[in-house]
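S.K.: Sharing a structure here in structure tokens format.
Nothing in this text is a laboratory measurement; each read-out follows from the coordinates by a stated rule. No experiment lies behind these values; they were computed from the predicted model shown. Note that each Cβ is placed from the backbone with ideal geometry, even for glycine, and that neighbours are counted across all protein chains shown.
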Amino acid sequence: MTHLPGPPHGQHQPYEQAQAPLQPVPPVQSRSNIGKAIFITAVIMLVFGWWFVSNSKRPAGAPVSPVSTVHTVAYDIAGSAGSMSITATSPTGTEQASGRALPAHLTYQMESGAFAYVSAQNEGEAGSITCTIRVDGQVISTNRSEGAYTIATCKGRVP
């Protein structure tokens, strides 16, 4: 049997481990903060770019026009049919109703560029239906149909 150098058999030497001094760990920036910084920078650049482009196209001293204008849009349905079904666009979407009496009048506040549409169908065996769309009192579309179950449709863009 071979002996290894060290303390005699049965005696133990205390185990010593070198302890390195603790070093402070630099804070790690979280990915969410980096993402937020990139997002905020991108938004600022987009706003500045939009402002620069919109101001570079108008002559110096010209007033800034509003982005959109609100108009009064009126749908008028008249005729000799007993009842009708109606479909119309509104600022919140499409509205439908059936069994409506004539005449009918619907009014909405809509922005420039909005699509105005109204359709009215005769629900009876005879009669006529006329639809009209007015924007701020000016007619932009009118149409008439006559006969059983016929449809009058009006459409246009709000100026």
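S.K.: Would you please calculate the Kirkwood hydrodynamic radius of region 75-159 over all C-alpha pairs and express it in Å, rounded to one decimal?
M.R.: 12.7 Å
S.K.: Here's a follow-up. Read phi for every residue in region 146-151 and hand back ³J(HN,Hα) as whole Hz from Karplus 6.51 cos²θ - 1.76 cosθ + 1.60, θ = phi - 60°, with x for Gly and Pro.
M.R.: 9, x, 5, 6, 6, 10
S.K.: What ranking of M84, M110, M45 emerges when the number of other C-beta atoms within 10 Å of each C-beta is taken as an exposure proxy, fewest first?
M.R.: M45, M110, M84
S.K.: Tell me, what HN-Hα J-couplings in whole Hz come from the Karplus equation 6.51 cos²θ - 1.76 cosθ + 1.60 at θ = phi - 60° for each residue of region 81-86, using x for Gly and Pro?
M.R.: 5, x, 8, 8, 10, 9
S.K.: Next up: Quick one: length gained pulling S112 to K155 fully straight, 0.36 nm per residue minus the C-alpha distance? Provide the component values of the computation, followed by the final result.
M.R.: Numbers: separation 43, 0.36 × 43 = 15.48 nm, distance 1.44 nm.
Net length gain for the segment: 14.0 nm.
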